[in-house]
Each structure stands twice: as structure tokens, then as C-alpha cells.
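Inspection log for the structure reproduced underneath, given as C-alpha cells.
Read the figures in this text as sums done on the coordinates, not as results from a lab. Because the structure is predicted, anything quoted here is derived from the model rather than measured. Here Cβ is always computed from backbone atoms with ideal geometry, including for glycine, and neighbour counts include all displayed protein chains.
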Amino acid sequence: MNPVESLVDLVIRADAFLRQKLGMPSSRFRPEQRVWMEPFFNGVGHLVGFSLLALPGSWRDRVHIWICGILAQHAPEAFPDQSIRQKEAIARAQALYEKTGHWPAILFLTSHPQTVGASAWLRFELLRQGLWIAKALMAAMPGRPRHSHPQCFLAIDPFALDSVPVAVGAAYAGFMHNQYIVWDRQSSSQSWLQKKWLLKDTGHDRVAWRLLRALKRNPVLMVIAGGLPHNARLFYAAREWAGTLHDQHGKRSKNKIRYVVMDILSQAYAGHLPGEDGHIPSEAELAIKQLLSELGYAADESERLLQILKKDFKEEIPMRLRLWKILYNRLARRGIPLLVLPITHYERQPHVRLGRFFELTSGVDVTAFAQEFNAFYGEAPTRL
């Protein structure tokens, strides 16, 4: 099993505990479904996707926006500033193009509404409004490739699609893989046919490269936290913090260190899961301090590192500094500017809030950029 997938298993374990605590149904996934049921419906999804690729790009863009409304199963919300935001986006992109000689990579980063309940429809409304702006940017892009369109970055693994029937989830996965950038976080469970064709290159070893390649050709929309807050705290805040540690005795690899940290924080303490509210219980703190001591860190350095973890773990949306560093090194530092728009949701109208555009260009302090960008989500709390 891929080391990253073993960490995903810890996230699934924590999520299962929270489901049980909240009285929600447990996971319905069975491994044999990927062999006997999913491939057929993956194929159905691909067939629908191939039919869309025959459409002109502008028509395809509109169909994608329409699909967001269908998936939401909710009336779309008014977007009164749509034309203003479209013009602003094009003007910012063209200014960067004139300044650098490169059309910018464009990224829309959204929050993640709940997957069940009254606000579940907002998952697709955030994308719908983002796609309207992305569509205008795509049309303004010099030399737009014929079959290109704005891309969404989505999870299509059984854990991500557990709230829908297997047939629906598998058809969704096949269609989205045909049209967008998708990530199967449980790719080791794929059947042979899925690995070789139906869900090819959706595993951990390929997804980052596919995202970077897409950013050079299309606007991309993705959830900045990668999922719901309790999962994001584990998979991004805890995992990325653990990735900054090293064993000064040379006994533990980074993967093993990540696993230990996430194992500590994915357990329940007195019926409380740390990821629920971002509070790390004293028992978990002691375990992490013990790990840091075993790795060779002095007490004062351990305390400093622990405070960094606690700050990011508390946030519903981790800072994602590692993501920003990758984007900077692979794009901005090589002369391709990055134009980024944060989008978040409210529990009351207007349900969607679009932030200001941010620019990541060569010479920018990446840490300061990440802190300033993430502050938008702190200023716009998702639960009001």
C-alpha cells in the first residue's frame, strides 16, 4: 500500500468514530464493489463525458455550470456581480500577461460545506459561481486549446462518495475523470480495469503532476482544505507539520513520523476526537512531546514546534504552506504567475462570498502569502 494511503486510512478511522458519535450510518463500502460493480458504471460516466467533448468549448462550459445545479438539487443562488467579477478577473490576468509574458495559472480555492443536511447543496454552488468566472477567463486566454475547459480538482474514491449509492458514485467518478482532475485516495483498492483505463493515473503518484500540468492550460477549482474540517486537520495540518520533522538519530523515516503523529491525533480521548474542534487534548500533547523527544528535539524546541501544530490544527482550513511552496517552485519561480481567488460559504444569504484576487509571482515571500491568503477564511467564518 502507498504510504499516503495508509495515512488516509487513519483519516477514515477518525471519520468512522465521528459518524458513530453523531449517530450517522457507518461506511457502506465493500472492496468487492470495485471489482464487480464500479467498472460498468465508471464506463457509463465516461460515455457521457466523451459526448461532451464533442461540443464546442463555450457550450461545454455552460453544460458544466448546468451540471453543478443538477448535482446541488437546489435552486441556484443569484450572482448579481457576475459580470463585474468576470471583467475584473480578465483585467488581472491580462495585466499579469503583459508584465510577465506568460498567461497566469489560475486557481479558485473554496471552503467545504457539510456533505449532508441543509447546506450540502453549497458544495456545488461554490463551484457553479467559480465556473462562471473561470469560463470568462478561459475565453480570454490566448490560443485556447480546442478541447480545454475549466477544471475541477475532485476526490472520487469510495470514502469521498460514500453518501451516494455505488452505481451513482461510480458513474460520477467515471464522468469526472473524463472531464476533470480527480484523485482516488484509495487507489490500491481499484480493480485491474480501473487501474489500466477507467480510473487510470488517479492515484497519489500521479495526481500532483496532473494538477500542475492542468494549471498551465486551464483555470482550476479545488477545495483548499481537501475536505471537511475534521478530515482536513488530520490530513493537512497534522500530516504537513509532521513532514517538517526529522529523526536526528536516523531511525525513523518521514513517512513513519507522519503516521505516528496522525495516529495520535486520529484517536478519541474521553469520547472526544481532536479533529472535531481542533483542540488537542493533554494526553495527545504528551504523546507528541514524547515523540519529539525520541526524535532528538530539546524541550524548548519541542514546545515551539507543538505551538505551530496547535495553531494550524485549530483552524477549520489549514494554511497549506506546502501546497503554496510547490506552486511557487513549479510555477511562479519559473516565470508563470499564479492568480488565485478564495471563495467561502455562509449558512445564511448570501451563501457564497468571493474574496479579492491574490497574485503569487517570483520573489514573493511564500509564507507571508500563505498567511495573508488563509486570513480570508478566518475573516469569513463558514458557520454564522
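Under a crude label model (7 Å from the Cα following the beta-carbon direction), how far is residue 6 from residue 325 in nanometres? Each label point is offset 7 Å from its Cα along the Cβ direction, giving 2.2 nm. Convex hull volume of the C-alpha atoms in the range 79-180, normalised per residue: 118 Å³.
Taking a straight line from the alpha carbon of residue 310, these aspartates and glutamates sit under 18 Å away, with near neighbours fewer than eight places off in the same chain left out: 240, 263, 276, 277, 283, 285, 300, 301.
Scanning residues 5 or more positions from residue 221 or on other chains, those with amide H under 5 Å from its amide H are 108, 151, 152, 153, with H placed 1.01 Å from N in the peptide plane.
Which percent, nearest 5, of DSSP beta bridges in the chain are antiparallel?
Rounded to the nearest five, the antiparallel share is 30 percent.
How much length is gained if the chain between residue 359 and residue 98 is pulled fully straight, taking 0.36 nm per residue apart and subtracting their Cα-Cα distance, in nm to one decimal? Additional length available on full extension: 92.5 nm. Under 17 Å from a point placed 7 Å out from the Cα of residue 209 along the Cα-to-Cβ direction: which residues of the range 320-334 have their backbone N that close? Taking a point 7 Å out along Cα→Cβ of residue 209, the residues of the range 320-334 whose backbone N falls under 17 Å are 327, 330-331. In sequence order, the range 363-372 has phi-based couplings of x, 6, 6, 5, 5, 5, 4, 4, 5, 5 Hz under the Karplus curve 6.51 cos²θ - 1.76 cosθ + 1.60, θ = phi - 60°, and Gly or Pro positions carry x. Rounded if a/c is under 1.5, else prolate if a/b is larger than b/c, else oblate: which is the range 285-384, with a ≥ b ≥ c the root eigenvalues of its Cα gyration tensor? It is oblate, given that a/c is not under 1.5 and a/b is not larger than b/c. Each 10 Å bin, from zero up to the one with the longest distance, holds this percent of the alpha carbon pairs of the chain: 5, 22, 32, 27, 12, 2, 0.
What separates the Cα centres of the range 101-140 and the range 5-38 is a distance of 27 Å. Annotation: lysines with alpha-carbon distance below 24 angstrom to residue 200 (same-chain offsets under eight excluded): 216. Note on the range 246-314: semi-axes of the ellipsoid equivalent to its C-alpha gyration tensor, largest first and rounded to whole Å, are 21, 13, 10. Ignoring lysines fewer than eight residues from residue 314 along the same chain, the ones with Cα atoms less than 29 angstrom from its Cα are 21, 254, 256, 289, 325.
Sort 72-84, 111-123 by packing, meaning the average of other beta carbons within 10 Å per residue, with the highest value first.
111-123, 72-84
Put a dot 7 Å past the Cα of residue 168, heading toward its Cβ, do the same for residue 53, and the two dots end up 2.7 nm apart. Subtracting the Cα-Cα distance of residue 114 and residue 71 from 0.36 nm times their residue separation leaves 14.0 nm of extension gain. Here the range 1-126 is treated as an ellipsoid with the same Cα gyration tensor; its semi-axes, largest first and in whole Å, are 35, 21, 20. One Cα centroid belongs to the range 164-182, the other to the range 196-264; the line between them spans 21 Å.
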